[in-house]
1. So which residue, out of 147, 123, 185, gets the largest mean-square fluctuation from a GNM of the chain using Cα contacts under 10 Å as springs?
2. Out of every Cα pair in the chain, what percent are spaced more than 29 Å from each other?
3. What net charge is computed for the residues neighbouring residue 109, neighbours being all others with C-beta under 13 Å from the C-beta of residue 109, Lys and Arg scored +1, Asp and Glu -1?
4. Compute the Cα gyration tensor for the stretch 1-126, then decide on rounded, prolate or oblate, letting a ≥ b ≥ c be the square roots of its eigenvalues: rounded whenever a/c is under 1.5, prolate when a/b is larger than b/c in the other cases, and oblate in all that remain.
5. Taking the Cβ of residue 23 as the center, what net charge do the other residues with Cβ under 12 Å away carry, scoring Lys and Arg +1 and Asp and Glu -1?
6. Out of the stretch 23-128, which trypsin sites (Lys or Arg not before Pro) are coil in DSSP terms and have no more than 15 other C-beta atoms within 10 Å?
7. Taking Cα atoms, how many degrees apart are the long axis of helix 3-19 and the longest axis of the chain, rounded to 10 and kept between 0 and 90?
8. Projected onto the charge dipole of the chain (+1 at Lys/Arg Cβ, -1 at Asp/Glu Cβ, origin at the Cα centre), which of 124, 23, 161 gives the Cα projection farthest towards the positive end?
Amino acid sequence: MQEHLLTEYRSAIIYYMDSQPYLLEKYGIAFMQFGPQHQLLKQDASPYSVFILQSGLVKVVRTTSLGQAYSLGIFDRGEVLGDVEAIMEMHHFGTVETITNCTFWRIAPQQFLKMLSQEPEFNLLIHRNVISKLLNTSHKAAIQSTNKLFYSLMIVLREFSKLNELQISKALLAEALGTSTRNLNRLLVQLEAEHIIKTQQTIIKEINLHLLQHKIHAYENTIQ
């Protein structure tokens, strides 16, 4: 799914909330404003609100049991926060904090669930928004996985080059990396375009160790 479609879903939620003012009284929805660095939701806390971001930027951070904090993303207008926790009746997965001045619609979890059951259009928008985030996460995971495979490939090629092994078969490389020859070929095309390797049919014939080391160093600063 393309990024502009993800943006369209968030824009549709904003439009829906703006165009249905009767919902505010019907479901006790409050309009709230916060400045930068306000903690909106706290990791592992019980859900007490669902927020729809009308304007501004927020960040979502998850902290591991070892105290390491990982950013799960920065989000802008139309993002729904705390919806999954309200639906699943689970503690918050991460901490949400404002980055800029922000405005929100705040909905109590029970009222949010009531809206889902009584407002079909809202229900569809929320489901599409959740699914779009899932697809986006899967897309990012696929990119990350490819990057790690690419890095592993370069490490293996470096070790082969140190052994002066200039007749490396693609089948052997694919088996060593636990991937298909088709996936391997896509990565080898990029390395060959950068003059790091030379291939001949199913064999890797030459490896430019200097260029390979430079490429590995660049990856070590990005994916590890």
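1. 185
2. When every Cα pair of the chain is considered, 46 percent fall beyond 29 Å.
3. Local net charge: -1.
4. Because a/c hits 1.5 or more and a/b exceeds b/c, the stretch 1-126 counts as prolate.
5. Summing Lys and Arg as +1 and Asp and Glu as -1 gives -2.
6. Of the trypsin sites (Lys or Arg not before Pro), the ones in loops of the stretch 23-128 whose Cβ has at most 15 other Cβ atoms within 10 Å are 42.
7. Here the helix axis deviates by roughly 0 degrees.
8. 161
The numbers here are math on the coordinates, done by the rules we state, and not lab data. Everything quoted here is computed from the prediction, not taken from an experiment. When we count neighbours, we look across all protein chains shown, and the Cβ atoms used for this are built from the backbone with ideal geometry, even at glycine.
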